[in-house]
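The values are calculated or read from the model by the stated rules, or taken from the named source; none is laboratory data. Predicted model only: the values in this text are computed from it and were never measured. Don't worry about glycine lacking a Cβ; one is built from the backbone with ideal geometry, like all the others, and counts go over all protein chains shown. The protein model used for the area step is the full one, side chains on, heavy atoms only, and it has no ligands, DNA or RNA in it. Shrake-Rupley method; radii C 1.70, N 1.55, O 1.52, S 1.80 Å.
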Amino acid sequence: METNSATMDVIRLEGPCEIDEMRVSQLPVPQVREGWMRVRVEAFGINESESHSRRGLSDPDFTYPRVLGIEGVGVVDEVAPGSVFQPGQQVAFMMGGLGREYDGSYARYTLIPERIAIPFTSDLDWATIGAIPEMTQTAYGSLVHAMRARSGDTVLVRGGTSTVGLMAVRLGVRMGMTVIATTRRESARPVLNEAGAAHVVIDDGRIEGKVRALAPGGVDAALELVGIPVLGDTLRCVRPGGMVSFTGSLTDVWSMKDFSPFGLIPSTVGLTVYHGQAWDLLASVLQEVLDAVKAGEMSVPIARVFHGLEQVPDAHRALDSHAVPGKNVVVLG
């Protein structure tokens, strides 16, 4: 397509703003350069980090003005000479500075470094595809790379009704693990049962006794998504030699004022973090998930689907409300 003078719709923030201040505007369609390719965006998920960025709460790597969006799916539109990708190819893309250090997916077209693109082939609808990449990457990376969980293990997912939590339950079950998942609300129990959790624990801030009743020797590994206030309690749910991955913080508490390793961490229990990148998710794993969804072997936790950039503010309201478990997705087209 001719793009020298073409423009496109985007949502770009000039600085911290309220949801009602998010507006569709115009920017030039980006031009490809070596190592980068242009993607026609078909859908993207809405993430907590984008809510933080909108409110001016992001890490120092985030700069304004910025088109938000740390993930997306779409079709390769144009590539630079020598690219391993081809126009028309379906790709997912995420992380690696997207929507933080350079413009992201809240746009009709976006320019991305090839290293954050994951090719796939699927005839699923774009809303379903758009819900999958980031939460799959984070859940898979946490389970496999951080927690070192394997088939036959019993794992705890604390914060099970979050998007990453719901996908971690599904992936863990698919990989042959017994999953114990937590929620603060009794009404969410069916959601976790449907995802495949063998046991659902109602989280009142102290779950060690409840988890130990189900796994007397302790679980083999735990995924911490609630955050610092309950981290010590989560660590005490794990057997000696097991591993806890601090991957998210639904409480928005990211640091500990007084950290006492001997007081917090049980002897020989491991504590790590996971904040991986797109390249941690193999194309074969993403393809397997897409194929499993297509075959009806796995479901995708979608909260709501929104259509067009004009509905991005509504999608952010839905994210902030936490009213419906699952991923909020925006579809373009």
*Does V24 meet the test of being over 20 Å from G96 (Cα atoms), modelled with pLDDT of 95 or more, of a type outside the set (D, E, K, R) and touching an Asp or Glu at 6+ places or on another chain (Cβ under 9 Å)?*
yes
*Can you pull out the residues in the range 75-99 that are among the polar types (S, T, N, Q) and either under 12 Å from I118 (Cα atoms) or touching a Pro at 6+ places or on another chain (Cβ under 8 Å) (or both)?*
Q89, Q90
*Residue match in the range 169-178 (condition: open to solvent by 20 Å² or more (accessible area, probe 1.4 Å) and aliphatic (A, V, I, L, M))*: yes
_Among residues of the range 20-61, those that are assigned to a loop (DSSP other than H, G, I, E, B), open to solvent by 30 Å² or more (accessible area, probe 1.4 Å) and among the hydrophobic types (A, V, I, L, M, F, W, C), counted_ = 2
*Name the residue, out of G69, G74, G88, that is open to solvent by 50 Å² or more (accessible area, probe 1.4 Å) and within 22 Å of D9 (Cα to Cα).*
G88
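Conditions (1) buried (at least 24 other Cβ atoms within 10 Å of the Cβ); (2) under 21 Å from R236 (Cα atoms); (3) in contact with a helix residue (DSSP H, G or I) (Cβ under 9 Å, 6 or more places away or on another chain), marked per residue:
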| position | (1), (2), (3) |
| --- | --- |
| T182 | yes, yes, yes |
| V191 | no, no, yes |
| A195 | yes, no, yes |
| G205 | no, yes, yes |
_Matching residues in the range 34-60 - criterion: being modelled with pLDDT of 95 or more and among the basic types (K, R)_ = R38, R40
_Yes or no: the range 176-191 includes at least one residue that is over 30 Å from G99 (Cα atoms) and in contact with a Pro (Cβ under 8 Å, 6 or more places away or on another chain)._
yes
_Given (1) touching a residue at least 60 places away in the same chain (Cβ under 8 Å); (2) touching a Lys or Arg at 6+ places or on another chain (Cβ under 9 Å); (3) of a type outside the set (S, T, Y), index of the condition G270 fails_ = (1)
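Yes/no per residue for (1) at negative phi; (2) polar (S, T, N, Q); (3) within 24 Å of the chain's Cα centre (by Cα):
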position: E14; (1), (2), (3): yes, no, no
position: D20; (1), (2), (3): yes, no, no
position: Q31; (1), (2), (3): yes, yes, no
position: E48; (1), (2), (3): yes, no, yes
